[in-house]
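The structure appears below as structure tokens.
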Amino acid sequence: MTSAAPRASLSPPASAAHRVRKRARSPPASGGATVWRASAENAAPRDHGRRWQSAAPARAPGRAWQRFRTPQAALPSSRHWLSSEDASTSSSRGVCTIMSYNILADNNARNHPDLYWDVPWDAMRWDSRRRLIIREIRHWDPDIVCLQEVDRFQDIAAEMKNRGYEGVFQGRTGEARDGCATFWKSKRLHLLEEDSIDFSEFNLRNNVAQVFVFELNGTHKLVLGNIHVLFNPRRGDVKLGQIRMLIEKANALSEKWNEIPIVLAGDFNSTPDSAIYKFLSTTKLDISLHDRRQLSGLDTSEFGLYEFSSFLKYHWSDEEVRNATGYSNVMVAEHPLKLCSSYAMLKENSNNRGLHGEPLATSYHKKFLGTVDYLWYTPGLECSRVLDTFPLGVLRRTRGLPTREMGSDHLPIVAEFAFTELVKDDSGKEDESEKEDGSEPEVATNQHIYFSSDSRSSWSE
């Protein structure tokens with residue numbers, strides 16, 4: 001009996017060894033705060049080693065599920081300006097357009113893939129998002145750009161320099177890689193003074209803020225603040241303290257330069273129905289009436305206990321009180337500025353507004369849909385127009401940002417400000433009954449949607 005012929009092998013012949021392509025890693029951030037400057041004379045070097053070399057890096061989030069997702073709906077190709085009908089033109093001698101934009105740090109996007117479960121991988125790649133971010137800035141052409149969550153400053157600065165901007169980056173301390181960056185058109189704006197706040201020096205976590213004094217076209221001056229407030233919803237005392245310190249610094253610079261107007265831009269990580277929003281818009285807040293875990297409006301109770309806040313007496317430790325108000329024995333936080341929110345001032349012609357006239361949403365990811373970004377300003381300026389946001393239905397159809405049209409999980413907000421003649425109030429001190437009015441804002445249904453109190457909880461910025 002003859003033996004059977006050997007079975008032919010079904011395996012393909014061994015291929016030649018190929019090199020495994022790897023993505024170059026940027027050097028780790030230093031322990032101290034990082035400051036970079038970008039200008040025509042001092043251009044930020046371009047790190048060509050950061051280009052993607054393979055279809056996806058080894059740590060690409062969610063590679064398995066990406067093959068089986070429903071395609072993400074596209075955002076509309078344009079947004080519209082909303083103009084003020086009664087904005088003064090005769091007394092305005094200068095106009096300045098300011099953008100605030102949280103661009104989603106690349107490192108944060110990688111470390112929190114659960115927030116971007118429905119976002120295509122190609123829309124999460126930094127190279128793709130960078131192009132969209134720069135395209136957005138170029139399209140709206142602001143005079144000043146305030147960015148938050150910047151961890152690829154060199155990449156952004158190289159693009160901005162080519163478009164006539166100078167910029168400064170202030171990095172967070174500790175292990176964080178991101179920070180705030182501010183850019184301005186060097187032909188229109190002259191930097192007179194700059195400062196920054198490293199909140200870790202005041203035991204207020206490792207967030208940072210930037211403060212500048214600019215002169216527009218050699219005539220008008222303004223103070224600009226750029227901040228990314230702590231995210232952690234349960235540390236309302238720290239959030240309030242960071243905002244209070246930014247206001248104090250901006251006001252000091254305003255007084256130094258003869259009471260020039262102020263613009264405060266940034267991601268305040270607080271919703272329009274929050275106590276922190278009330279503090280900004282009304283100059284004072286009695287923290288004894290609030291739970292520090294609820295100050296920002298981002299956290300919701302799992303047990304519904306906070307519906308009865310008027311019947312509860314909240315306990316604040318001395319340290320928490322000091323964080324919030326600046327003094328361990330003072331329960332009322334106050335600030336000296338008369339702040340107006342640019343979007344709340346121009347709300348008549350938009351259907352995309354909620355409580356206080358703020359946008360229904362400036363940020364959207366898997367666990368949050370709502371407004372946290374603002375452009376506040378003081379007398380001496382008036383807001384002549386703002387860039388409208390998208391309807392909630394349009395955002396919901398995307399199932400989360402970023403998209404192939406929008407490079408971040410935040411929308412950029414843009415406002416145009418006109419300088420006006422500042423008329424001082426000579427009527428004396430404000431009525432005491434108004435000063436002591438501690439009534440809450442009008443009751444309205446919350447417009448933001450907070451899907452989980454634990455989302456982004458590890459981002460205790």
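The values are calculated or read from the model by the stated rules, or taken from the named source; none is laboratory data. Every value quoted in this text rests on a predicted model; they were computed, and no experiment measured them. When we count neighbours, we look across all protein chains shown, and the Cβ atoms used for this are built from the backbone with ideal geometry, even at glycine. Ligands, DNA and RNA are stripped out before the accessible areas are found, and what is left, the full protein with its side chains, is counted by its heavy atoms. Shrake-Rupley method; radii C 1.70, N 1.55, O 1.52, S 1.80 Å.
Brief remarks on what is shown
- Sparsely packed chymotrypsin sites (Phe, Trp or Tyr not before Pro) within region 312-370, loop by DSSP, other Cβ within 10 Å at most 14: Tyr314, Tyr327
- Spin-label model distance (nm) - Glu348 vs Ser317, 7 Å beyond Cα toward Cβ: 5.1 nm
- Which listed pairs, of Lys221/Lys338; Lys284/Lys366; Lys249/Lys338; Lys185/Lys278, have C-alpha distances above 24 Å, in listed order: Lys284/Lys366; Lys185/Lys278
- The listed peptides 190-196, 165-171, ordered by packing as a protection proxy, come out as 165-171, 190-196 (highest mean of other Cβ atoms within 10 Å first).
- Estimated at 0.36 nm per residue, the fully extended path between Val95 and Asn111 surpasses their Cα-Cα distance by 1.7 nm.
- Volume of the convex hull of region 141-193 (Cα atoms only), normalised per residue: 70 Å³.
- At q = 0.08, 0.16 Å⁻¹, base-10 log of I(q)/I(0) for region 193-334 (Debye sum, equal scatterers on each alpha carbon): -0.23, -0.83
- Accessible area of Arg131 in the full protein assembly, 1.4 Å probe (Å², nearest 10): 130 Å²
- Under 5 Å from the amide H of Asn207 lie the amide H atoms of Phe199, Ser200, each residue being 5 or more positions distant or on a separate chain, with H modelled from the backbone and absent for Pro and chain starts.
- Gyration tensor verdict on region 156-273 (Cα atoms; rounded if a/c is under 1.5, prolate if a/b is larger than b/c, oblate otherwise): oblate
- With θ taken as phi - 60° and the Karplus curve 6.51 cos²θ - 1.76 cosθ + 1.60 applied, the whole-hertz 3J(HN,Hα) list for region 402-407 is x, 10, 6, 10, 10, x Hz, x standing for glycine and proline.
- Overall form of region 106-175: oblate. Here a/c, set by the Cα gyration tensor axes a ≥ b ≥ c, is 1.5 or more, and a/b is not larger than b/c.
- Burial ranking of peptide ranges 410-421, 117-128 (average Cβ count within 10 Å, highest at the top): 410-421, 117-128
- Between amide H atoms placed 1.01 Å from N, distances below 5 Å from Leu264 occur with Gly225, Trp376, Tyr377, all of them 5 or more places distant or on a separate chain.
- Amide proton proximity set for Val35, modelled H, under 5 Å, gap of 5+: Gly171
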